[in-house]
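Visitor: One structure, pasted below without further comment.
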Amino acid sequence: MPVEPERTPWAFPPVETADPLGLLGVGADLEPGTLLAAYRSGIFPMPGGRRGAMGWWSPDPRGVLPIDAVHVSRSLRRTRRRFEITVNTAFDDVVAACADPRRPHGWITPKLRRAYRRMHDLGWAHSVEARTSDGALAGGVFGLAIGGFFAGESMFHRETDASKAAVVALCEVLASGEGPPAQRLFDVQWTTDHLRTLGAVDLPRPVYLDRLAAALELPLPPRFTVRNPHTG
């Protein structure tokens, strides 16, 4: 089970004070206790402040992917069969691929990579991988899981539909937890054309916060409670 870290000394402003883009403030740190306090309050970190300062965001509306209504197209259903799905077997590799500086709009800094790795070591951050038949990493997704809440951070692909296959598999992992899947919350921060093809929708902040509070009370999905000895 995840290890609860020391509480953060930082206090975040009310999310309702965020600017029109969703920026709530800059600064603080990326210690595990700070990250957990932020996510539990509907806030996530992403560089965006002045001179590259770490920004803390709570956009309105908020993008979510309903795990009980994820859209799997006929073509995705076909290509998905080409991939083997694994969980928490290549966390560092997935994060490194998502943080590749050659990707457009890259935001995962070395500090964030170290922070997410630390969260992974404590049992809070997880990856889902899509692999080819020979075991090569074709795509993946990573994020933080707190009870029935999953904060999707980033995804990548090296083969067509590999990232989508990983996301669909992640939805299945989340749906396997106790309670109705509709009560669990898969946060994708902002909706994109890529995510909309899978069924991502926007929620007003008050609705999102209500859903978040309920999801945090649910148990962690079973697949995320098993630590892989070869993770890394």
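The values are calculated or read from the model by the stated rules, or taken from the named source; none is laboratory data. Everything quoted here is computed from the prediction, not taken from an experiment. Glycine gets a Cβ as well: all are built from the backbone with ideal geometry, and neighbour counts include every protein chain shown.
Visitor: Has the range 91-106 got any residue that is under 26 Å from Pro219 (Cα atoms) and surrounded by fewer than 21 Cβ atoms within 10 Å (Cβ to Cβ)? Walk me through how you get there before you give the answer.
Guide: Our first condition is that a residue be under 26 Å from Pro219 (Cα atoms); within the range 91-106, this holds for 91-92, 94-95.
Among the residues that remain, those that are also surrounded by fewer than 21 Cβ atoms within 10 Å (Cβ to Cβ) are: 92.
Yes.
Visitor: Among (1) closer than 18 Å to Val201 by Cα; (2) aliphatic (A, V, I, L, M); (3) surrounded by fewer than 19 Cβ atoms within 10 Å (Cβ to Cβ), there is one condition Leu30 misses while meeting the rest; what is its number?
Guide: (1)
Visitor: Restricting attention to the range 66-89, which residues are touching a Gly at 6+ places or on another chain (Cβ under 7 Å) and closer than 24 Å to Thr225 by Cβ?
Guide: Within the range 66-89, Pro66, Val70 qualify.
Visitor: Which condition from (1) part of a loop (DSSP other than H, G, I, E, B); (2) free of Cβ contacts under 8 Å to residues at least 12 places away in the same chain is the one that Arg77 breaks?
Guide: Arg77 satisfies all of (1) part of a loop (DSSP other than H, G, I, E, B); (2) free of Cβ contacts under 8 Å to residues at least 12 places away in the same chain except (1).
Visitor: Residue pairs, Cβ under 6 Å, 6 or more apart or interchain, first in the range 86-111 and over 20 Å from Gln189 (Cβ atoms), second of a type in the set (Asp, Glu) and part of a loop (DSSP other than H, G, I, E, B). List them.
Guide: none
Visitor: Consider Glu84 carefully, then state whether it is of a type outside the set (Phe, Trp, Tyr), under 28 Å from Met1 (Cβ atoms) and more than 18 Å from the chain's Cα centre (by Cα).
Guide: It is true that Glu84 is of a type outside the set (Phe, Trp, Tyr), under 28 Å from Met1 (Cβ atoms) and more than 18 Å from the chain's Cα centre (by Cα).
Visitor: Also, I was wondering about something else. Would you mind finding the one in Asp60, Asp68, Asp92 that is in contact with a helix residue (DSSP H, G or I) (Cβ under 7 Å, 6 or more places away or on another chain), on the phi < 0 side of the Ramachandran plot and modelled with pLDDT under 95?
Guide: On the way: Asp60 fails: modelled with pLDDT under 95; Asp92 fails: modelled with pLDDT under 95.
On inspection, the qualifying residue turns out to be Asp68.
Visitor: Kindly provide the set of residues from the range 44-58 that are surrounded by 21 or more Cβ atoms within 10 Å (Cβ to Cβ) and assigned to a loop (DSSP other than H, G, I, E, B), ordered by number.
Guide: The one that is surrounded by 21 or more Cβ atoms within 10 Å (Cβ to Cβ) and assigned to a loop (DSSP other than H, G, I, E, B): Ser58.
Visitor: Across the range 1-33, what is the number of residues that are closer than 17 Å to Leu112 by Cβ, in a loop (DSSP other than H, G, I, E, B) and at pLDDT below 95?
Guide: 2
Visitor: Step by step: first the residues of the range 107-130, then only those that are β-branched (Val, Ile, Thr) and under 19 Å from Gly48 (Cβ atoms), then the one that is surrounded by the most Cβ atoms within 10 Å (Cβ to Cβ). Which residue is that?
Guide: So, considering only residues that are β-branched (Val, Ile, Thr) and under 19 Å from Gly48 (Cβ atoms), the one surrounded by the most Cβ atoms within 10 Å (Cβ to Cβ) is Ile108.
Visitor: Oh, and also: Quick one: which residue in Gly48, Gly63 is touching a Gly at 6+ places or on another chain (Cβ under 8 Å), under 21 Å from Arg205 (Cβ atoms) and not hydrophobic (A, V, I, L, M, F, W, C)?
Guide: On the way: Gly63 fails: touching a Gly at 6+ places or on another chain (Cβ under 8 Å).
Every option except Gly48 fails the conditions.
Visitor: Among the residues of the range 66-90, write down those that are surrounded by 13 or more Cβ atoms within 10 Å (Cβ to Cβ) and out of contact with any Ser or Thr (no Cβ under 9 Å at 6 or more places or on another chain).
Guide: If the condition is that a residue be surrounded by 13 or more Cβ atoms within 10 Å (Cβ to Cβ) and out of contact with any Ser or Thr (no Cβ under 9 Å at 6 or more places or on another chain), then Pro66, Ile67, Asp68, Val70, Val72, Arg80, Ile85 are the ones that fit.
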